[in-house]
1. Helix D:462-480 versus the longest principal axis of chain D: what angle, 0 to 90°, nearest 10, using Cα atoms?
2. When the convex hull of the Cα atoms of region A:34-79 is projected onto a plane and the area is averaged over all directions, what value comes out in nm²?
3. Of all accessible surface on the protein assembly as shown at a 1.4 Å probe, what whole percent is carbon and sulfur?
4. What value, in deg cm²/dmol to 500, does the helix sum -39500 (n - 2.57) over DSSP H runs of n ≥ 4 give at 222 nm once divided by the residues of chain D?
5. Rounded to the nearest 500, what is the 222 nm mean residue ellipticity of chain B from helices alone, with -39500 (n - 2.57) per DSSP H run of 4+ residues and division by all residues?
6. Among DSSP beta bridges whose residues both lie in the protein assembly as shown, state the antiparallel percentage, nearest 5.
7. Per the helix-only calculation at 222 nm, which mean residue ellipticity applies to chain A, given -39500 (n - 2.57) for every DSSP H run of n ≥ 4 and division by its residues, nearest 500 deg cm²/dmol?
8. Keeping all protein chains in position, work out how much accessible area A:Tyr338 exposes to a 1.4 Å probe, and write it in Å² to the nearest 10.
Amino acid sequence: MTNSIAEVEDAECIFVIGSNTTSSHPLVATRIFRAKEKGAKLIVADPREVHIAKLADLHVQHNLGTDVALLNGIMHVILERNWHDRSFIEERTEGFDDFKRVIDRYPPDKVAEITGVSPEDILRIAEYYASAGTASILYCMGITQHTTGVDNVKSLANLAMLTGNVGKESTGVNPLRGQNNVQGACDMGGLPNVYPGYQPVNMLDSQKKFESAWNATLSDRVGLTIPDMLSGLMDGSLKALYVIGENPLMSDPDSHHVEKALKGAELLVVQDIFMTPTAELAHVVLPGASFAEKDGTFTNTERRVLRVRKAIEPVGESRTDWEIIQDISNRLGYAMDYDGPEEIMKEIAAVTPSYGGISYDRLEGPGLQWPCPDPEHPGTKFLHKDGFARGKGLFHAIEYQEPAEVVDEEYPLWMTTGRVHVHYHTGTMTRNSPSLHAEMPEGYLEMNHRDAARLGICQGDLVSVTSRRGTINVKTQITERVREGVVFMPFHFVESSANVLTNPAYDPVVKIPEYKVCAVRVEKAA
Amino acid sequence: MTQNVKKKVKELLESGKIKGFLGLCQKNGHIGPHLFCDPDDLESMVLGDEERPGDSRYPLNKLLIHIARSYPDETFGVLVRGCDERGLKTLYTWNQLNPDKVIPVGVACPQELADACECLRPYPEEFVEGERAEERSSASVTKISGLDVKDRFTSWMKEFARCIKCYGCRDICPMCFCNECSLEAEELIHTGELPPEIPIFHLVRAVHMAGRCIDCGLCNEVCPADIPLRTLYKKVADIIDEEFNYRPGYSEGKSPLNILGSAAEE
Amino acid sequence: MGDCHYLYGNVATEKRVRFLKKLLAFSGIEEERLRCKWVSSAEASEFVEEMQDFTETLRALGPSPLKQAGAQRAA
Amino acid sequence: MNEKRKEKTEQPDDLRIGVFICDCGSNIAGHLDCSAVTEYAASLPGVVFAKENLYTCSEAGITEIQKAISEHELNRVVVASCSPRTHQPLFQSSCAEAGMNPYLFEMVNIRDQCSWVHMQEHAEATEKAKELVRMGVAKAAFLEPQKDIEASLLSRVLVIGGGVAGLSAAEALADMALEVILVEKEPKAGGLLNQINQLVPEGVKAAEYVERIIESVNSKSNVTVHLGTEVKAIAGYIGNYEITLQRGEGEAIQEKVGCIVVATGAVPLEPAGLYGYDGERVITQMQLEEQLLNGQFKAQRVVMIQCAGARVPGREYCSRICCMIAVKNAALIKDQDPEAQVHILYRDIQMYGTEKERMLWDARGKGVRFDVYDPEKPPEVKDGQVLFEQPIVGTKRQIPCDLVVLSTPLVAREGASALSQLLRIPMDQNGFFLEAHAKLRPLDFATDGVFLCGSARYPATVAEARSQGLGVASRVATVLFKDKLVTSALVAEIDPETCVGCLGCLDMCPYGAIEFVPEKGICEVNTILCKGCGCCAATCPSQSATLKGFKPKQLLSQIRAI
């Protein structure tokens, strides 16, 4: 997040797009509720009428994968009505003219046609957002899990810059991270292209810096993304895969394909706290430790580094992740001899500028938000106060592109996937909880009553859902939450795994798959 | 501010009157519940005031149930404010704690907290710390009662609509000591939806609070959706008081709603 | 009140109803929607009168706010 | 996954429900379309067989049900006909004969609740009948097989109290060859009769009357009388009570009995502070009885004041027998000395029954004077005179007298509440014990196996106490003359997994059927004592206490079918 969670409470307008905030980030939702109580306008753009949408001042249900068009349409109105922040654009940004030329091509009527959102609603979003003293954008996987994921995020950045809603309190472009430490994992270089602190692997300076820090020779090439790894396993160019805390068999699109790829590995190692479906396929399973069994830090969605403390010793044969990795490294010939997480944290501070001032003794209580470059620095509540990382903020001129897969006669329904409030990701943890299980014991397909009537499907009927990648059977829930022509399925359930159906087409830049759009056919199961 | 409590607890521990004292401690920059068993280990004890009075409160009496079950023969001390003491009394009534095995050590709430809580009695019967603050009546209940019946409904439905069914209100409630909860009985409450079936979800809980809620307000504090549950339960307590002259934690015994009335009584 | 087949079940019911009426009223549901009367099997005309009167009361109150809320949710 | 959860969410499978729609001649079929209802029933989920009968309760109808159970392998039967109160047992036992568990039977009343009340609305009645059937079927789907509860019975009876009521009960029980244990707190049996002079209208001496019964009781080999003894503890339940008796400082006596009779009687109020009561010039009727009995009575001018300490705030009830005692004694005094002046001041006179009413007129004939007083202005006793005001004429009167007799009420014994707790039997606001139902079950307690007679319930005359004692013996016999106790399986149960022992159910149980088991920390239902009223189920917030046959799942499925 560019800004902090608590700041949301003081925003005058909150634009939630592609996030079911109450279900997936309930404590962020609390701040939204409080902002509303203080009079803030809440706009929700989501193809489904999710819980947060019911609480919104304005909810629009745009067609799947039309976020760029919708955002361009909003910006078109803002520019047309002169609601943009001229001085901010002048002083802090560049690329405005090219950007404007594209935006001009998205008048509300045309956008309405693409998105299914009425010109009046587009105008209202523009008005609410641009007229607010402070406006905050919150987004989640509904924005990123598209072949145009990067375009979507850039468009949100455009919107924020256009109205000067960045670099000050209670504004910003705020991705809500999906897991408690996904931010930390990225910060620590858990990406194919960067070292800790987003220092590029293919830049000589950083390569040298880490070679000397680690006393090792390092590659100057960008590593593999998950789709690359899977295809590498398929074509034999990749022999071994070491999976830590992931369940790609369920969480990656086109499960049949993933299964084939994983089975093709000469060595598959899975390190997890539960015996996940992926772990079932592994040659070696390394039992990891849960949050309650280890010391360390998590970095949350607002860049806050927080201490996690061991409450109990690891159960059974399980060990903490860092110990397992250290052991493997030693056996593979690279000596590691850390005496604990605190020492590792010292190294993080030494090599990661944004973590430079973070140490265990400063992490008592509420923790610190990076950037925190030196031991005296108080941490950073919101980013881009005085300037952007690259200097001026760059407007990107972005054209709308259709999703990778669109409906046709054979697969006439748009399908999107997502989470439910009681389950977490592939359900490896939550489905083991009796209470959560009872709340939602099985997967379902959400379908508009008109589609259901046309297909002769009743509430609770078992249907088979088929995409170009596979078929699954699931019970139907007839609802008004999705519009006609759209179906939705949660992806937590291994026995009706939505990712058997999803499209592995990915964003060309960051290789994130298009979980949120694919085309399916639904029939009453025999 | 904690000197008197520490002194008292030290005495109790040293004399062997209690096996341990369930209070609050400050550790790693956070305040949390702690069972003090060593008289020389009271350094970290706090009363819960971090920034504002009482802003780190925990259902200590509820935690005590679990400790007492594991050590049925031992006596434990516990830190109590006025509400916690009402909680203890009510838990005795409902056979969840044995009064012979509990020694409360009281602290009085500051006026600021009493005001915020609209507390009818912001102090326990005996206390070693703080001063007796003035009692407050419930303006929040009066405000809703003043609305037209339709507006009351609209207003509650608006509040309940935010519910994310996290069960925080129930889980923190010292009076929710059931093993199995009606709110999770699918015959009563539909599952799988947000918000949960409203207003039924909240009214079922309100009914279960009748004759039980001791107005500690932890439900309000814990609710991530800022639903004014305490106001609802305050009204529930008022009704029971008006109709049956009983208020949990203030009156003796169980609520008349939970005692078999005989025709003779009526 | 002393004529309950199960002794005091009706006393318990009466107490609950008294409580519930007030809770409903506070929640914004007209308390007149809940009514509790004791009519013995020998009092047919009282029963008919009571039911007719209750029906009239409900008709005058109009549809339940709960029903309306439910309809909104379904829409 | 959690098995318990699973069981809760799943619908029962392999349902084979049979539905029988009864025409009841023209009682039902005359006012709604039974064929349409039958056709509709056949279409309901789980229903494999539906049939219309002319009279389902007839031989033919019953055979039809039994045939269908075996031919269609029915595992649920729903009969839509008349009142379950009259016909459910018949249908249930018929199902049982055909090999189906009788608790899998469900009855729907489409006569009393449909055809009879909607005689003029044929179409609507048909629709309503369908709806009622749908509800019945919905509930039937969730019915569970049950087994009747059986328990052994000890043919022994404990009678608490050796007054005329207890003695009469003991005598009659012994004559029925039941073993009786009679416990009397006082060193002598006979109760209040020992202090009373003579009985009217028979004119027999009270002592002789009671002595005859005592002798009869003592003469029976199957009666054990414990004098000077009290009941210390009672455990168990109908059929199997364990009793601890205590005689003075002696060793406790353990006994086992099947039923208990409460005949503890009542005591006359000691009117301390009333009307200058001193026991000499101002005495009670009881003291007068003693004087008459011992021949010590000498007074010439007697004033009796009725309702002394009765029908006043805190003791509002009428003691019933005091008027009769006063009239009896007034007449006796006049008989002894026709010149004596006897004046009865009363609020209103209660002479129960024609015989007693005649006593009143006889007394008047003998010259007993009656005057009414206003309870707002009660008489005053002063300097050998009784002063009172005649309410209608308003004149103040003074009656010179040498003896004032106060007619005080009988009041409950102080020990009653201890016994009430021992036996878990209720008392009314005056401390008298409370029967199960004033009209329908006057000698029973709600708790099975415990019975009540005599003044322990309410002040009774000797004849009433005696007849109640005999009545109680017959009530006991209805229980103990069976081989074993069989009760309905539709009782409460408490899930030991989820009960937290909060005692909520225990406090709500009118039958004392719930017990807290400290070792387990939970409550348990005594299925023999439980009457299936459901108070516990209604009060338990965690649904740990449920009522078989009326579980939330069963009722809600029925409600949701509307």
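1. For helix D:462-480, the angle is close to 30 degrees.
2. For the Cα atoms of region A:34-79, the hull's average projected area reads 3.8 nm².
3. For the protein assembly as shown, the apolar C and S fraction of the accessible surface comes to 51 percent.
4. -9500 deg cm²/dmol
5. That calculation yields -10500 deg cm²/dmol at 222 nm.
6. That works out to approximately 45 percent antiparallel.
7. One gets -9000 deg cm²/dmol as the mean residue ellipticity at 222 nm.
8. 50
The values are calculated or read from the model by the stated rules, or taken from the named source; none is laboratory data. No experiment lies behind these values; they were computed from the predicted model shown. Because the Cβ atoms are built from the backbone with ideal geometry, glycine has one as well, and the counts that use them run over all protein chains shown. In case anyone asks, the SASA skips ligands and DNA or RNA and just uses the protein heavy atoms, side chains included. Shrake-Rupley method; radii C 1.70, N 1.55, O 1.52, S 1.80 Å.
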